[in-house]
1. Please go through the range 58-68 and give me each residue that is among the aromatic types (F, W, Y) and open to solvent by 20 Å² or more (accessible area, probe 1.4 Å), ordered by number.
2. Condition (residue is free of Cβ contacts under 8 Å to residues at least 40 places away in the same chain, closer than 21 Å to I83 by Cβ and surrounded by fewer than 23 Cβ atoms within 10 Å (Cβ to Cβ)) applied to the range 128-142: is it met by at least one residue?
3. For the range 103-110, check the following and say yes or no: at least one residue is modelled with pLDDT of 85 or more and within 16 Å of the chain's Cα centre (by Cα).
4. P171 is checked against (1) within 21 Å of C50 (Cβ to Cβ); (2) in a helix (DSSP H, G or I) and fails just one. What number does that condition carry?
5. Looking at the range 158-184, I want the residues that are farther than 25 Å from L111 by Cβ and have a partner that is aliphatic (A, V, I, L, M) with Cβ atoms under 6 Å, at least 6 apart or on another chain. Which pairs are those?
6. Restricting the range 3-24 to residues that are more than 21 Å from the chain's Cα centre (by Cα) and hydroxyl-bearing (S, T, Y), which is farthest from V40 (Cα to Cα)?
7. Report the residue count in the range 29-57 for those that are over 19 Å from A208 (Cα atoms) and either open to solvent by 40 Å² or more (accessible area, probe 1.4 Å) or of a type in the set (S, T, Y) (or both).
8. Tell me yes or no: at least one residue of the range 181-202 is in contact with a Gly (Cβ under 7 Å, 6 or more places away or on another chain), under 26 Å from R124 (Cβ atoms) and assigned to a helix (DSSP H, G or I).
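The values are calculated or read from the model by the stated rules, or taken from the named source; none is laboratory data. The model shown is predicted, which means the values in this text are computed figures rather than measured ones. Ideal geometry is used to build each Cβ from the backbone, glycine not excepted, and the neighbour counts take in all protein chains shown. The area values use the complete protein model at the heavy-atom level, side chains included, leaving out ligands, DNA and RNA. Shrake-Rupley method; radii C 1.70, N 1.55, O 1.52, S 1.80 Å.
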Amino acid sequence: MTPLIEFKDIYKIYHMGDTEVHAIDGISLAVYKGEFVAIVGQSGSGKSTCMNIIGCLDVPTSGQYFLDGKDVSQMNDDEQAEIRNKKLGFIFQQYNLITKLTVLQNVELPLLYAGLSEREQEERALASLERVGLREKAQNMPAQLSGGQQQRVSIARALAGDPSIILADEPTGALDSRTGKEVLGFLKKLHKEGNTIVLITHDNTIAAQAERVIRIQDGRVVYDGDPDITKFATVAHAGDEEEGDAVES
């Protein structure tokens, strides 16, 4: 089966003066349709760079990135924008809702860019809000909603375009623990419905809610397996100890 997401020896290198920073240092991985995968790592590990490449927000320095069988690593900005609109649904930590638009109008935005008729935009947006239990809030403004409700609106917006992949970047980061659990519950429900979900997080306990965990450390994959927190968290701890030993020596 062809992977939905495939990295082949991906590097992302930044130059800071005379210094080369390898944000991603030769990563190869594959995610298949219907999976719920968490990419976990601390700040500076390279997980956000992975997210940007998966989301067609950045391109690798070298290597190949295949999305649904197509090599998107060398696409220009317009081609990447088209891929983002057709294949990807984004859920962000800070919701990224437009405060001057109603809930319905926020969910309709990606459909507007897709060139759908006004009637089809409204029908699909309302159906998406129904899926997250917020159809009755369609005419509310974002400021009239709780943080958890705003995140559910962003989930509805991500779903509206029927994307191949839902890319969730720290989706519970701005929420209290109870509301965060509700949002994770929605993601699990969407996964059971057949959606492919890639969750980006720094939190081991959040990552453990996925069905598979990929841990990134120093720009490399150090763990790729089942969501047993005692396994992938131990890998990270061992890596920290090695770094400490190296400094001491």
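1. Just the residues of the range 58-68 that are among the aromatic types (F, W, Y), to begin with: 65-66.
If the condition is that a residue be among the aromatic types (F, W, Y) and open to solvent by 20 Å² or more (accessible area, probe 1.4 Å), then F66 is the only one that fits.
2. No, the range 128-142 has no match at all.
3. So far as the range 103-110 goes, no, none of its residues is modelled with pLDDT of 85 or more and within 16 Å of the chain's Cα centre (by Cα).
4. (2)
5. Between residues of the range 158-184 that are farther than 25 Å from L111 by Cβ and residues that are aliphatic (A, V, I, L, M), the close pairs are T172/V183.
6. The extreme case among them is T19.
7. Residues that pass the stated criteria total 5.
8. Keep residues of the range 181-202 that are in contact with a Gly (Cβ under 7 Å, 6 or more places away or on another chain), which gives 182-183, 194, 196, 202.
Keeping just the survivors that are under 26 Å from R124 (Cβ atoms) gives 182-183, 194, 196.
Cutting the leftovers down to assigned to a helix (DSSP H, G or I) gives us 182-183.
Yes, there is a match, as at least one residue in the range 181-202 is in contact with a Gly (Cβ under 7 Å, 6 or more places away or on another chain), under 26 Å from R124 (Cβ atoms) and assigned to a helix (DSSP H, G or I).
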